[in-house]
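Values quoted throughout were computed directly from the atomic coordinates according to the rules given, and no laboratory measurement underlies them. On a predicted model such as this, the values are computed, not experimentally measured, just so you know. FYI the Cβ positions are ideal-geometry reconstructions off the backbone, even for glycines, and counts take in every protein chain you see.
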Amino acid sequence: MAALGDSITAGSPLWDPDEAVRAQIGPAADPTSQYEYWAERRMPGAQFRNCGVFGERTDEIAKRLDGCAKGADVLIVQGGINDIAQMVPVKTAARNLRAMVTRGKKLGLRVALVEVLPWNNGFPRAAGPIDRLNRLIEGIGREEEVPVFPWYGRLEDPAAPGRMKPEWTIDGDHPSREGYRRLAEVVELP
């Protein structure tokens, strides 16, 4: 399986698929700080290729799709929060996500999308754009007939809507190990 996305896919801040970046993390580097680690344990026989890159917008992620997907049978597309952080219009991010789904399907892959996570450090400014993008992602899933993993609700704090529960985030931007484990619980083969 090819997992394509930004720092959430990469496993930031305690993991990165790039060895040079992992070396900068140092002894704190922890492979359990990625949803792919936990999903492989839930789905015997599944192997994930982690193609996450910190800080990338959906247009940048899209440029890496073909290389990431080579030899895979499943593509999981994740992204959009960096678009919001960099004030890219939500419709542009959604258009890029749809293009990745379409490209993956043209390559003969089974494709899944994921929702954008709550963003504590971007709250409240980013809450509206995240909600709008997640509604567009749901629409893409319906129209393209691909599953959408409900990641937003997996980490949202019921006591603080629009934010991750404190124990499910390590820094207000990224999930904690427990947060990544929770995300993996809803990853299924499309």
Next on the checklist: Counting other C-beta atoms within 10 Å, and keeping those with at most 13, which DSSP coil trypsin sites (Lys or Arg not before Pro) do you find in the range 7-108?
Outcome noted: Lys70
Next on the checklist: Need one number: nm distance between label points at Leu189 and Arg135, each 7 Å from Cα along Cα→Cβ, rounded to one decimal.
Outcome noted: 3.5
Item to check | Cα gyration tensor, the range 1-107 - rounded (a/c under 1.5), prolate or oblate | outcome: oblate
Item to check | Candidate lysines - alpha carbon under 18 Å from Lys105, same-chain residues fewer than 8 apart omitted | outcome: Lys63, Lys70
Checklist entry - Ranked from highest to lowest mean number of other Cβ atoms within 10 Å per residue, what is the order of the peptides 4-13, 157-166, 78-87? => result 4-13, 78-87, 157-166
Next on the checklist: Using the crude model of +1 on Lys and Arg Cβ and -1 on Asp and Glu Cβ, and no other charge, please compute the dipole size for the range 1-52 relative to its Cα centre, in debye to 20.
Outcome noted: 180
Checklist entry - Just how many % of Cα pairs in the range 1-63 lie over 13 Å apart, if you round to the nearest whole percent? => result 59
Item to check | Charged-residue dipole, Cβ positions (Lys, Arg, Asp, Glu), the chain about Cα centre, Debye nearest 20 | outcome: 440
Item to check | Charge-dipole axis of the range 2-184 as Lys and Arg at +1 and Asp and Glu at -1 on Cβ define it, positive-most pick from Trp15, Gly80, Trp168 | outcome: Gly80
Checklist outcome for this item: Everything considered on the Cα gyration tensor (a ≥ b ≥ c; rounded for a/c under 1.5, else prolate if a/b is larger than b/c, else oblate), the range 27-68 must be described as oblate
Item to check | Value of relative contact order over the chain, rounded to a whole percent, pairs C-alpha under 8 Å and six or more apart | outcome: 23
Checklist entry - Which residue, chosen from Thr102, Val90, Tyr180, occupies the Cα position most advanced towards the positive end of the dipole of the range 34-190, where the dipole is computed from +1 (Lys, Arg) and -1 (Asp, Glu) charges on Cβ about the Cα centre? => result Thr102
Checklist entry - For the range 1-47, with the dipole built from +1 on Lys and Arg beta-carbon atoms and -1 on Asp and Glu ones, taken about the Cα centre, which of Ala29, Gly45, Ala3 lies farthest toward the positive end? => result Gly45
Checklist outcome for this item: Residues other than Gly26 with Cβ under 15 Å of its Cβ, Lys/Arg counted +1 and Asp/Glu -1, net out at -3
Checklist entry - Nearest 20 debye, what's the magnitude of the dipole of the range 111-152 about its Cα centre given +1 on Lys and Arg Cβ and -1 on Asp and Glu Cβ? => result 240
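Taking square-rooted eigenvalues a ≥ b ≥ c of the alpha carbon gyration tensor, is the range 125-190 rounded, prolate or oblate, where a/c under 1.5 means rounded and, failing that, a/b exceeding b/c means prolate?
Oblate, since a/c reaches 1.5 and b/c is not below a/b.
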Checklist entry - What are the extents of the Cα atoms of the chain along their three principal axes, listed from largest to smallest and rounded to whole Å? => result 40, 37, 28
